[in-house]
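K.L.:
Next up is a structure, given as structure tokens.
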Amino acid sequence: MIEDIKKDAAARMDKSIAALRLELTKLRTGRAHTSLLDHVMVDYYGTPTPLKQVSNVNVEDSRTLTVSPWEKSMVQAIEKAILTSDLGLNPATAGTIIRVPFPPLTEERRKDMIKVVRHEAEGGRVAIRNIRRDALSSLKELLKGKMIGEDEERRAHDEIQTITDKHIAVIDETLAAKESELLEI
């Protein structure tokens, strides 16, 4: 039972870290990479569809992405979807290829992005602490039900805290890496 609680907590903490990393990839760092357009939805014959399902997205150079729609009729819809996304990008169409240039980030914008990154990281830490709290309350219930002894509960409590500390450290490393990436000119 204790092992199940620990495994469940560790798995949920891993998912929280994965969610944080996914959120951080959406934040622009001034360098073009295809995952920046992953959350852009295109109106595909009346159905909102992810951009990567209606086109091919490639990196042309460090500041430009190219989007090649699979259907010529989708060029306008894709261009509109990128323009109206929250990324602040201005796509340029050349025939059937859409080029998406990334303007360099200003110092003020970089500092704003760092604030956002720190806020996201704190949200990840809070999620991990909540998972720890749930695991510890499950241990308390086992103790109250006399299914485990106090020594076992104390040992499991320490092990869950160790798991929590490891996951918090991973979040801190991820945050540091993203901050240094944002400050890179």
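The values are calculated or read from the model by the stated rules, or taken from the named source; none is laboratory data. Since we're looking at a predicted model, the values are computed, not measured. All Cβ positions, glycine included, derive from the backbone under ideal geometry; neighbour counts span all protein chains shown.
K.L.:
Please find, within the range 56-76, the residue that is farthest from K26 (Cα to Cα) out of those that are of a type in the set (S, T, N, Q) and touching a residue at least 24 places away in the same chain (Cβ under 8 Å).
P.N.:
Of everything passing the filter in the range 56-76, S68 is farthest from K26 (Cα to Cα).
K.L.:
Go through (1) within 24 Å of S35 (Cα to Cα); (2) within 27 Å of the chain's Cα centre (by Cα); (3) loosely packed, with under 13 Cβ neighbours inside 10 Å and name the single condition R118 misses.
P.N.:
Condition not satisfied by R118: (3).
K.L.:
Please determine, by comparing only the residues of the range 110-157 that are assigned to a helix (DSSP H, G or I) and either of a type in the set (V, I, T) or not assigned by TED's automatic domain parsing to the domain that holds I17 (or both), which one is nearest to L175 (Cα to Cα).
P.N.:
Per the criteria, the residue is V117.
K.L.:
Okay, moving on. Please enumerate the residues belonging to the range 105-156 that are farther than 28 Å from L27 by Cβ and hydroxyl-bearing (S, T, Y).
P.N.:
Correct list: S137, S138.
K.L.:
Looking at (1) crowded, with 17+ Cβ neighbours inside 10 Å; (2) within 21 Å of the chain's Cα centre (by Cα); (3) of a type outside the set (D, E), can you tell me which one T66 breaks?
P.N.:
(2)
K.L.:
For the range 27-49, indicate whether the set of residues that are surrounded by fewer than 17 Cβ atoms within 10 Å (Cβ to Cβ), farther than 25 Å from F102 by Cβ and among the polar types (S, T, N, Q) is non-empty.
P.N.:
yes
K.L.:
Continuing with this model, one more query. Kindly list, by first and then second residue, each pair from a residue in the range 139-162 that is closer than 14 Å to D4 by Cα to a residue that is acidic (D, E) and surrounded by 11 or more Cβ atoms within 10 Å (Cβ to Cβ), limited to pairs with Cβ atoms under 6 Å and residues at least 6 apart or on different chains.
P.N.:
If the second residue must be acidic (D, E) and surrounded by 11 or more Cβ atoms within 10 Å (Cβ to Cβ), the pairs left are L139/E153.
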